[in-house]
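Presented below is the structure to which this report refers.
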Amino acid sequence: MAQLLYKKIANIVENQIKNGSLAYGDRLPSVRSAQKLYNVSLNTAKSAYMELESRSLIESRPKSGFFVSLAGQRRMSIPSTSTFKTHEKKQDPAALIDKVFHSLEDKEITRFSLGLPSPSLLPIQKLNKCILESVHELHDYGDQYGQVQGSPSLRKEIAKWSLVLDGKISDEDLIITSGAMNAIYSCLRAVTKPGDTIAVESPLYFGFIQAFQVLGLKTIEIPTHPITGIELEALKKVIHKIDVCCFVSNFSNPLGALMPDEHKRELVKLLALHHIPLIEDDLYGNIYFGTSRPKPCKYYDEEGLVMWCGSITKVLAPGFRIGWVEPGIYKEKILKQRLIQTISQPAIYQEAVAKFLQIGRYDHHLHTFRKKLYSNYVNFRNSIETHFPENTKMSQPEGGFVLWLELDPKIDSATLYDYALRQKLSFAPGRMFTQHDQFNNCIRLNYAVDWNEKTAQDLMRLGRFFKAVM
């Protein structure tokens, strides 16, 4: 009900802006005044203003309050929904991926292409303190292997933090891995064989492409809407060809799509009907801009066919390489893969993260992290609307930290990448995120950066760069 209420308030204000009752530059009532005006809770009033910001209708000005935004008068269209490419010859993006990663070695380049948060957004010093405390507590550290399933204390803390699953998992269900990608790879090894066909989003994270190739899997890229994720009707058309699915249900990379709950429920039911396993990457689920964390597909899983993968990599410490999987009915198969691949994870990082979760610092960090990311998203969106070509289409994520832009059809982002590098600018060309000849006029941008004068200038320069080549 609260969610409907904050949107109702946002709709009222939007109508006032559209009918001229509120004009550009007008100041809105403070959040507390709005709380009293609409007789709602403070959180509902805040959510209503966040919703209006996400629609580009209002903007926050430091120490001044909220004002009607000029940006709301220029709303960009969302990118196109992708289409099936089942009969086209595949094109390996490996060379392009290597080029982009090697360019990151130049520290002078603004890293809009990197899918990691800026170190300043992460609680590294607090985690280092947890490491030191863990070293003192682990008297036998280093003289024996840890459990194949992972640290009991870490599994216990992750299970406690998985409130979105309403207590449907326990520490005994979880397996600790070397990050989310390692969790996904272990799942793939457990449930596929060379020649199997896997259904994926389109566009999809390039790391998936590389993993599928190593394992000899065939892929079908399912048409995907930039707001709601995979098109279920499209999946149904090819379901008879599918052996396994791998989807990001919450804030996908690179689209930022969020699958609605009813779609998640229907997807799980569809796959259960055909007994098809789902590898669910829920890496970004905790990075939401709304009032509550979205549920994963795992929430609706009654058959144990959903393997729920997560990680602290994107929100705490990329270098710790800690992830997990709730493997459903595939627990023994995945444990076997873990035993073959790594035996166990380094104990010190597991215990440090467990301690960080246990003492309550995680909740505070996530709140601050999401707030900074949302502010960055608004800044990026406003800059792109102002400085990029008029016909640019932009995703509208409700979480995560990447933006997907669809530029003029004449633009080839992979070809232009080298020219951008000469200007010390970087982005992720769209061709990195598919095995087909598509998304050539698209780019992915990372907004989990330090928003400062240099970042603002570089984003403006990038927009002018694309304007100049048209």
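The values are calculated or read from the model by the stated rules, or taken from the named source; none is laboratory data. The structure displayed is predicted, hence computed values, not measured ones. Here the Cβ positions follow ideal geometry from the backbone for every residue, glycine too, while neighbour counts run over all protein chains shown.
Listed values, structure above:
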{"item": "Single match in Ile384, Ile340, Ile334, Ile329 (criterion: in contact with a strand residue (DSSP E or B) (Cβ under 7 Å, 6 or more places away or on another chain) and within 30 Å of His275 (Cα to Cα))", "result": "Ile334"}
{"item": "Some residue of segment 115-130 being at pLDDT below 85, touching a strand residue (DSSP E or B) at 6+ places or on another chain (Cβ under 8 Å), under 26 Å from Arg461 (Cβ atoms) and not aromatic (Phe, Trp, Tyr)", "result": "no"}
{"item": "Given (1) touching a Lys or Arg at 6+ places or on another chain (Cβ under 8 Å); (2) closer than 18 Å to Val244 by Cα; (3) in a loop (DSSP other than H, G, I, E, B), index of the condition Leu204 fails", "result": "(1)"}
{"item": "Subset of segment 313-363 (residues that are aliphatic (A, V, I, L, M) and at pLDDT below 90)", "result": "Ala317, Leu339, Ile340, Ile343, Ala347, Ile348, Ile359"}
{"item": "Condition check for Asn440: part of a loop (DSSP other than H, G, I, E, B), touching a residue at least 12 places away in the same chain (Cβ under 8 Å) and not hydrophobic (A, V, I, L, M, F, W, C)", "result": "yes"}
{"item": "Where Ala420 falls short, out of the listed (1) modelled with pLDDT of 95 or more; (2) in a helix (DSSP H, G or I); (3) buried (at least 22 other Cβ atoms within 10 Å of the Cβ)", "result": "(1)"}
{"item": "Selection within segment 155-187 - farther than 23 Å from His365 by Cα and of a type in the set (Ser, Thr, Tyr)", "result": "Ser170, Tyr185, Ser186"}
{"item": "Condition met for Ala95 (modelled with pLDDT of 85 or more and assigned to a helix (DSSP H, G or I))", "result": "yes"}
{"item": "Complete set of residues in segment 19-32 that are over 32 Å from the mean Cα position of the chain (by Cα) and within 17 Å of Glu51 (Cβ to Cβ)", "result": "Leu22, Pro29"}
{"item": "Contacts under 6 angstrom Cβ, first residue in segment 236-252 being closer than 14 Å to Leu270 by Cα and touching a residue at least 24 places away in the same chain (Cβ under 8 Å), partner in a helix (DSSP H, G or I) and not aromatic (Phe, Trp, Tyr), 6 or more apart", "result": "Val244/Val191"}
{"item": "Subset tally (residues that are within 19 Å of the chain's Cα centre (by Cα) and either assigned by TED's automatic domain parsing to the domain that holds Ile312 or more than 20 Å from Trp404 (Cα to Cα) (or both)) for segment 92-119", "result": "1"}
{"item": "Of all residues in segment 448-469 being touching a residue at least 60 places away in the same chain (Cβ under 8 Å) and assigned to a loop (DSSP other than H, G, I, E, B), the one that is surrounded by the most Cβ atoms within 10 Å (Cβ to Cβ)", "result": "Val449"}
{"item": "Filter result for Tyr349 (of a type in the set (Phe, Trp, Tyr) and more than 15 Å from the chain's Cα centre (by Cα))", "result": "yes"}
{"item": "Some residue of segment 193-204 being in contact with a helix residue (DSSP H, G or I) (Cβ under 7 Å, 6 or more places away or on another chain), surrounded by 17 or more Cβ atoms within 10 Å (Cβ to Cβ) and touching a residue at least 60 places away in the same chain (Cβ under 8 Å)", "result": "yes"}
{"item": "Index of the failed condition, Val378 passing every other in (1) at pLDDT 90 or above; (2) within 19 Å of Ser69 (Cβ to Cβ); (3) among the β-branched types (Val, Ile, Thr)", "result": "(1)"}
{"item": "Test: residue in segment 266-276 that is among the aliphatic types (A, V, I, L, M) and modelled with pLDDT under 95", "result": "no"}
{"item": "Segment 304-317: number of residues that are outside any loop (DSSP other than H, G, I, E, B) and out of contact with any Pro (no Cβ under 8 Å at 6 or more places or on another chain)", "result": "3"}
{"item": "Of residues in segment 227-236 being assigned to a helix (DSSP H, G or I) and out of contact with any Phe, Trp or Tyr (no Cβ under 8 Å at 6 or more places or on another chain), the one surrounded by the fewest Cβ atoms within 10 Å (Cβ to Cβ)", "result": "Glu233"}
{"item": "Qualifying residue in segment 212-223 (condition: hydrophobic (A, V, I, L, M, F, W, C), in a helix (DSSP H, G or I), over 18 Å from the mean Cα position of the chain (by Cα) and on the phi < 0 side of the Ramachandran plot)", "result": "yes"}
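Rundown of residues vs (1) among the hydroxyl-bearing types (Ser, Thr, Tyr); (2) surrounded by fewer than 23 Cβ atoms within 10 Å (Cβ to Cβ); (3) closer than 18 Å to Phe356 by Cα; (4) touching a helix residue (DSSP H, G or I) at 6+ places or on another chain (Cβ under 9 Å), yes/no style:
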| position | (1), (2), (3), (4) |
| --- | --- |
| Val148 | no, yes, no, yes |
| Ser151 | yes, no, yes, yes |
| Lys156 | no, yes, yes, yes |
| Trp161 | no, yes, yes, yes |
| Leu165 | no, yes, no, yes |
| Lys168 | no, yes, no, yes |
| Asp173 | no, yes, no, yes |
| Ile176 | no, no, yes, yes |
| Met181 | no, yes, no, yes |
